[in-house]
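**Q** I have a structure I would like to understand better, so I am pasting it below and will then ask my questions one at a time.
Please treat every number below as a calculation from the coordinates, not as lab data. Computed from a predicted structure; not experimentally measured. Positions of Cβ are backbone-derived with ideal geometry, glycine not excepted, and every protein chain shown enters the neighbour counts.
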Amino acid sequence: MMGRGLGIAVVVAAIALLPLMAGPYPVKLVQEILIWGIFAMSLDLLMGYAGMVSFGHSAFFGIGAYTAALLLSKWPGLLSGLAAPALAAAIGALAIGFLSIRVGGVYFIMLTLAFSQMFFALTFQNAFLGAEDGITSVPRPTVLGLTVTSTCSSSWLPPRSSSIVWFARPSATCCAASTTTRSGCRRSAMR
């Protein structure tokens, strides 16, 4: 157990110190890896623990991204960069979940896919949302009145917050192993 805690501490320290030691490309790459890691954890939570196959939760990812881009254009603060997108995605999930959770099996899969495709069509055909080009020229957020512009300072928050989210849940290897084995599937079914 002590070795695992030491390993986790080393990984967190490496992620936290990466912006100070690496150039902009490796930092951006690690940011993307951590963001997609959170996306993969949401799939693991939904499919592994809840047993629901969903093709639509990428819509919530998009709702948060578009909310952040629209709000940061008007108010470049930390609230509009982190809290408001999470709240908008939660409200979207509540609305879509209210309609989707009533069905099961293949109907749930198709309904979540339909909501995701409706969001895709809405965003890619609406000029207000940038249509196929997306929203461009989104300013970086300001933290405590300071504009986050340098590579080092702007990359400091996302890797740390993403790694905290990752370490706050059970280990990914344990979760993956517990849902793919026969006894793990039984435990998932009992939850």
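**Q** How would you rank 13-22, 108-117, highest first, on the average number of other Cβ atoms within 10 Å across their residues?
**A** Those peptides, ordered most packed to least, come out 108-117, 13-22.
**Q** Enumerate the amide H contacts of residue 143 below 5 Å, restricted to partners 5 or more residues apart or on another chain; note that Pro and chain-start residues carry no placed amide H.
**A** 148
**Q** Using θ = phi - 60° and the Karplus relation 6.51 cos²θ - 1.76 cosθ + 1.60, list the HN-Hα couplings for region 69-81 in order, rounded to whole Hz, with x at every Gly or Pro.
**A** Once rounded to whole Hz, the list reads 5, 5, 6, 5, 5, 9, 10, x, x, 5, 5, 7, x.
**Q** Okay, moving on. Can you give me the Cα centroid spacing of region 55-71 and region 1-46 in angstrom?
**A** So the two Cα centres are separated by 22 Å.
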